[in-house]
1. How do the pairs read when you match residues in segment 268-289 that are assigned by TED's automatic domain parsing to the domain that holds residue 169 and buried (at least 18 other Cβ atoms within 10 Å of the Cβ) with residues anywhere that are part of a loop (DSSP other than H, G, I, E, B) and modelled with pLDDT of 85 or more, using Cβ under 6 Å and keeping only pairs 6 or more apart or on different chains?
2. Here is a list: 200, 185. Which entry is at pLDDT 80 or above and in the same structural domain as residue 156 (by TED's automatic domain parsing)?
3. Search segment 23-43 for residues that are assigned by TED's automatic domain parsing to the domain that holds residue 88 and at pLDDT below 90 and pair each with any residue that is among the small types (Gly, Ala, Ser) and not in a loop (DSSP other than H, G, I, E, B) when their beta-carbon atoms are under 6 Å apart and the residues are at least 6 apart or on different chains.
4. Considering only residues that are hydroxyl-bearing (Ser, Thr, Tyr) and either assigned to a loop (DSSP other than H, G, I, E, B) or touching a Leu at 6+ places or on another chain (Cβ under 6 Å) (or both), look in segment 39-96 and name the one that is surrounded by the most Cβ atoms within 10 Å (Cβ to Cβ).
5. Failed condition for residue 138, given (1) surrounded by fewer than 17 Cβ atoms within 10 Å (Cβ to Cβ); (2) over 15 Å from residue 203 (Cα atoms), with all others met?
6. Do we find a residue being modelled with pLDDT of 70 or more, assigned to a helix (DSSP H, G or I) and under 55 Å from the mean Cα position of the chain (by Cα) anywhere in segment 439-451?
7. Among the candidates 362, 346, single out the residue that is among the aromatic types (Phe, Trp, Tyr), assigned by TED's automatic domain parsing to the domain that holds residue 417, surrounded by 20 or more Cβ atoms within 10 Å (Cβ to Cβ) and in a loop (DSSP other than H, G, I, E, B).
8. Is it true that some residue in segment 446-461 is β-branched (Val, Ile, Thr) and either surrounded by fewer than 20 Cβ atoms within 10 Å (Cβ to Cβ) or outside the structural domain of residue 332 (by TED's automatic domain parsing) (or both)?
Amino acid sequence: MKDIREHGPGSSPYETLVHIEDKIMAGELRTFQALKSYARVLIDSQRGKVILKRAFELQRQLYWGFFRDLQPSTYPALWNQVVLPDPDFDFAGDLKGYMSIPDIYVGLLDIHGYTRFCRENRNNMSQLDLLDRMIHEEVRAMAAKNGVLSRRARGDEILMLAASAADLAETALALMEHLSKPRRLTGGKDGQAPGTDLLLPPFQLSAGLAGGQKYTPLVVTRDGDLSGDIVNTAARLQARATRLSPHRNRMLVTSHVQQKLASANGHQKHPHLAEVKYLNTGSVAFKGTSLLVFDAVFLKSEAWRMDIQEDLEELCASLEKGMWRVKLFEDAVALIVRLAKCAPTFSIRRRENGAEIDAMEFIAMARKAGELFAGERFEQAVASLGELVDLLSALEGVDEVALEYLVGIAEGYASIGEAFAAKVDAEIFTNPEAVLGQQAKGSFTTLRKHCELYGELLAKARLSVKSRKANWYKVADETAPANGVRIESRK
């Protein structure tokens, strides 16, 4: 058969199907509409419908890319979102090339330890095959149970698409639980040689979930791949999750996804979501945009992190408003105190002498820093804040997001402190008599030649400047824009 018009009552169905499949594989019939138009002589017969169904299955496998497993019977909700259904055949349709719909969600997962495992087992093909089958078969099957379409994006990345935020999050959490457990297969199974054992170690995952915005586009390419802002956002959240927790499970979601998850009714279908809480981590800056990001807290060992929520939100609000004069310092101290109180275990050793600091001593140090600041001893307060943050970074299990903010804020106050000291010094040098009095003026001028004593007297003189608070406010206002403390994604 050279043309479908040669088809007649006596034509062989096999010959007709082969002819149509040749056209499909040649790229002449890439869409179902094109197939239906070309093979319209088959539409009215039952045999013709069977041929069209087989031909459409070939189209899906060749041209639907990420969506090649998508069928209305197995993924009904997702099918309704991403496919333009054919009015005559309920099994067929064509992918929407450009989607901007609210109920579409994308997740990107990264498997920690994948590269190391492959490197260590590069000569053990059975182990590598076991890992490969786990990603291709187990992951796909678990996702499909929740109506989530998944595909291996790169070696250790998994791309998922769902019509429900709850379905997507449930799948991500279920995979984290599943892959976190080591598994052993005894010899003689799955084609292995008798007497051999295959062991997969536990793997940790990082995940980024995005979607749920009406005007955020999802682009389906000609080859059925995904691109667009939703995919980019999910990828950046996943990259940030990996950076924060390179050795344990972590899931970050956008505010739109968090709102959908928080409003979901019932968890019979989503048992992993029942106990999940969402920590507001403030705005994260990406390339050209900024997103409010939530950190999913689902491990019992990390439940304490929700106790810092109020203090973290207060600090983020002050940071957004640029309240560097006073409020942000107070909020930083309050968050430090909260972290010390909430940490499951607290033990820090001083780097200079190895002496241990317990929670009570650390909290006292933090409150002392607040008192120094309230007493306008800004230089000492800033130095104390820097020391506190440095010590906090050595605390095992400290909340990475809170520490990230505190490091940036401490660096910002260090810059303000330097500018403030220079401004106050200029006032002292310009008119030392007004600051120190006539009697101390001569001593100040003499001792200025002796660096060590001069430094001590200068520090004392700074405390005597009457306009200390006004100078601090002025420097804080001038320096704050340059500080620009923001939490940024590196991807």
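The values are calculated or read from the model by the stated rules, or taken from the named source; none is laboratory data. The model shown is predicted, which means the values in this text are computed figures rather than measured ones. As a convention, Cβ positions derive from the backbone with ideal geometry for all residues, glycine included, and neighbour counts pool all protein chains shown.
1. Once the first residue is assigned by TED's automatic domain parsing to the domain that holds residue 169 and buried (at least 18 other Cβ atoms within 10 Å of the Cβ) and sits in segment 268-289, its partners that are part of a loop (DSSP other than H, G, I, E, B) and modelled with pLDDT of 85 or more give 276/298.
2. Exactly one residue qualifies, and that residue is 200.
3. Here the result reads 42/48, each pair linking segment 23-43 to a residue that is among the small types (Gly, Ala, Ser) and not in a loop (DSSP other than H, G, I, E, B).
4. 75
5. Against the list (1) surrounded by fewer than 17 Cβ atoms within 10 Å (Cβ to Cβ); (2) over 15 Å from residue 203 (Cα atoms), residue 138 comes up short only on (2).
6. There is no residue in segment 439-451 that is modelled with pLDDT of 70 or more, assigned to a helix (DSSP H, G or I) and under 55 Å from the mean Cα position of the chain (by Cα).
7. 346
8. yes
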